[in-house]
Structures are given as structure tokens and as C-alpha cells.
Amino acid sequence: MKASAGGYARANDLREALDLLANADGQGRVLAGGQSLIAAMNMRLSTGDMLVDISRIAELAGVAEDGETLRIGALTRHAAVGADPLVKTHVPLLAEATGHIAHAAIRNRGTIGGALSHADPAAEFPACALALGASMEIAGPDGSRTVAAEDFFEDVFTTALAEGEILTALTVPKQRPGEAQLIEEVARRSGDYALVGLCLVKRDAGHRVALFSVGATPILARACMARLDAGDLDGAVTALQGEIDPPSDTQASAAYRRHLAGVLLRRAMARLTGVPA
Ligand SMILES: Cc1cc2nc3c(=O)[nH]c(=O)nc-3n(C[C@H](O)[C@H](O)[C@H](O)COP(=O)(O)OP(=O)(O)OC[C@H]3O[C@@H](n4cnc5c(N)ncnc54)[C@H](O)[C@@H]3O)c2cc1C
């Protein structure tokens, strides 16, 4: 089946993109890497949109240091995120997560802003953003605003982005000395979406644990985090399994996903501490 679009326009800069969306009578749809949107259009899950192609807006791509944070432009492709020296040094979680996303062809086209905006509950980058305490920079017809990752993911494929807005960048705190960041996931085959995934960040302030593919949105496992801070791994596993409500589907049952979440937490803590799970 072929895609059905209501129109197409390529924006040369952010202002033009916002104007195109504002003039699209509510039918405007941002096109970035196209790795999720075009697939949805081909399956006719999305039809009639006025596509506003932002993929050539240079100002939206690239990674830059800004004091204690890294600013990652929304159009930075997955492969570029994974290979970027600043990302590897200051936010190794994102670099490691990239290796779990799909296959090379998709990583060469898909953008971090697209992954965050698409908000697939099984995607890696949204959970990384939660675990890292990152912020989303958003541009809209009335100016710019910043939304914390914790307030950004609202439901399946649903974010705090409003009609006519564009995600312009992700801002992430740089890793501090002594901090550790890692990701663990289980997928049926390399490159598949995860059955369950877990991001762990250990800071002076405590542990942060974000799960993906366990519900409508990625979640911060707060009860689990509190038990880890108390040095109680068994309690953290029990708390984690109690605070997620994973779905049963053709890939895995809820009970199996809950079991996997505990396994992943033990694996992550074993990597962190050097003590075998
Ligand atoms: C076979 C396959 C396997 C995949 N496996 C994985 C996987 O394991 N893990 C994973 O995380 N992802 C996976 N993906 C998805 C891939 O990472 C996509 O690239 C990503 O989800 C979307 O990025 P994109 O730039 O292609 O966005 P697009 O497809 O262009 O857009 C996706 C959605 O986000 C909106 N959007 C895009 N950019 C912006 C922006 N800057 N501001 C506002 N809205 C925006 C679009 O309007 C659209 O609704 C897979 C995709 C395929 C086809």
C-alpha cells in the first residue's frame, strides 16, 4: 500500500517550519527522519497530513556543550548521537542506548527528536531522557518553552507537544565524577524493539531507574530507586515488579515482562558494582 499525504513542504529554517505548521489548518505533521512516520503512512495508520519536512534545517542538528549540560539538536541522527565524542564522554547512556536501536539503516536516518516526539513506549531514548533528568526544548508559534522529561511523555505515542510545536533539542546534565550510567534490555533478536528495557543512572544524589516497554510510557521507578538508595537490592527488585503494570501481547506476557524487569535490574546493578547477579 502507498502512503497518502495531504501535501508536502520543505522548510529551510525553524521560523519557516513553524509558519508552515501554523498555516496547515491543524493537518500539519513534522517529518524528520521518516523512519516511524513514513512506515505509519504506508500502513495508512496516518493519512492526509500536510508534511512539513524539517530534515534540512541545519540549526536543529548537532551536539554542543553548554556549561554543565549537553544540548543535542532534535535532528541529530541516532548514529551521530552514538558516535559523538561529547556524548560518549558526558552522557554515555545515550551512546550505549544507540546500539540497541533498530539497525544501521534506521539509525542513519532516524533522529533523536523524532524518537522522543514519537514516544513509542518501547523506544530507548525516551527512557534515557527520564533516567538522566533531561529537558525538552520546544519551539511554537508563541515562542519557546522547556519541558522536563518527567512531564513530556503523557501516553502511548502522546507527548506534551502541542499542535504547531516543534521539539528543537534535548538538554542533558553532563555526567559528574563518580557517576555511572548504563542500559540493559531484552529483545527477541538484535535490533528488535525491547520486550523490556531498563536505564540506570547512579549519582551522588542517588539512583535513577527508568523502564521502557512496560506500559504506555517510560516510567521512573521511584519505589525501586528508594530501595537501591537504601542498599537493598532484593527490596528494589520487589518494589520494581510491584510498581510496573506491563501489558501482555503477542511478544510476551505481563508476568514474563515483570520477571524480566527484575532480571535486568540485577544485571544492571551487577555491572555497576562488579558483584555478579
Ligand atoms: C524496523 C524498525 C525498527 C525500529 N526499532 C527501533 C528500536 O528498537 N528502538 C527505537 O527507539 N526506535 C526504533 N525504531 C524507530 C526509529 O528509531 C525512528 O527513527 C524514530 O522513532 C523516529 O525518528 P524519525 O526522525 O525517523 O521521526 P519521523 O518518523 O520523521 O517522525 C516520527 C513522529 O515524530 C514527529 N516528529 C519528528 N521529529 C519531530 C520534532 N523535532 N518535533 C516535533 N515532532 C516531531 C513526527 O511528526 C512523527 O509524528 C524502529 C523503526 C523501524 C522502521
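With the structure loaded, tell me whether Gly33 is outside the structural domain of Gly114 (by TED's automatic domain parsing), modelled with pLDDT of 95 or more, within 11 Å of the ligand (Cβ to nearest atom) and open to solvent by less than 30 Å² (accessible area, probe 1.4 Å) or whether it fails that test.
Yes, satisfied.
So which residues in the stretch 114-146 are more than 18 Å from Gly73 (Cβ to Cβ), of a type in the set (Gly, Ala, Ser) and either more than 13 Å from the ligand (Cβ to nearest atom) or modelled with pLDDT under 95 (or both)?
Ala131, Gly133, Gly143
With the condition kept exactly as written, say whether any residue in the stretch 14-23 is open to solvent by less than 60 Å² (accessible area, probe 1.4 Å), in a loop (DSSP other than H, G, I, E, B) and farther than 30 Å from Gly178 by Cβ.
No, the stretch 14-23 contains no residue that is open to solvent by less than 60 Å² (accessible area, probe 1.4 Å), in a loop (DSSP other than H, G, I, E, B) and farther than 30 Å from Gly178 by Cβ.
Can you list residue pairs whose Cβ atoms sit under 6 Å apart, with the first residue in the stretch 26-43 being in contact (Cβ under 8 Å) with a residue 60 or more places away in the chain and the second being of a type in the set (Ser, Thr, Tyr) and open to solvent by less than 20 Å² (accessible area, probe 1.4 Å)? Count only pairs 6 or more apart in sequence or on different chains.
Going by the 6 Å Cβ cut-off, the qualifying pairs are Ala32/Thr111; Gly33/Thr111.
Counting only residues that are on the phi < 0 side of the Ramachandran plot and away from the ligand (no atom under 13 Å from the Cβ), how many does the stretch 11-30 have?
Of the residues in that region, 7 qualify.
Among residues belonging to the stretch 101-113 that are touching a strand residue (DSSP E or B) at 6+ places or on another chain (Cβ under 9 Å), open to solvent by 30 Å² or more (accessible area, probe 1.4 Å) and without any contact (Cβ under 8 Å) to a residue 60 or more places away in the chain, point out the one that is farthest from the ligand (Cβ to nearest atom).
Per the criteria, the residue is Asn108.
Within the stretch 39-72, take every residue that is surrounded by 22 or more Cβ atoms within 10 Å (Cβ to Cβ) and within 13 Å of the ligand (Cβ to nearest atom) and give me the one that is farthest from Ser4 (Cα to Cα).
Here the residue is Ile72.
Quick one: is Pro85 under 18 Å from Leu182 (Cβ atoms) and open to solvent by 20 Å² or more (accessible area, probe 1.4 Å)?
no
Of all residues being open to solvent by less than 30 Å² (accessible area, probe 1.4 Å) and of a type in the set (Val, Ile, Thr) in the stretch 214-229, which is nearest to Leu132 (Cα to Cα)? Just the residue, please.
Thr217
Considering each residue of the stretch 24-56, count those that are aliphatic (A, V, I, L, M) and in a loop (DSSP other than H, G, I, E, B), and give that number.
Number satisfying all stated conditions: 5.
Are any residues in the stretch 230-268 open to solvent by 70 Å² or more (accessible area, probe 1.4 Å) and of a type in the set (Ser, Thr, Tyr), and if so, which ones?
The answer is Thr238, Ser248, Thr250, Tyr256.
The values are calculated or read from the model by the stated rules, or taken from the named source; none is laboratory data. Computed from a predicted model, the values in this text were never measured in an experiment. Glycine also receives a Cβ, built like all others from the backbone with ideal geometry; neighbour counts cover every protein chain displayed. Accessible surface is based on the protein model in full, side chains and every heavy atom, while ligands, DNA and RNA are left aside. Shrake-Rupley method; radii C 1.70, N 1.55, O 1.52, S 1.80 Å.
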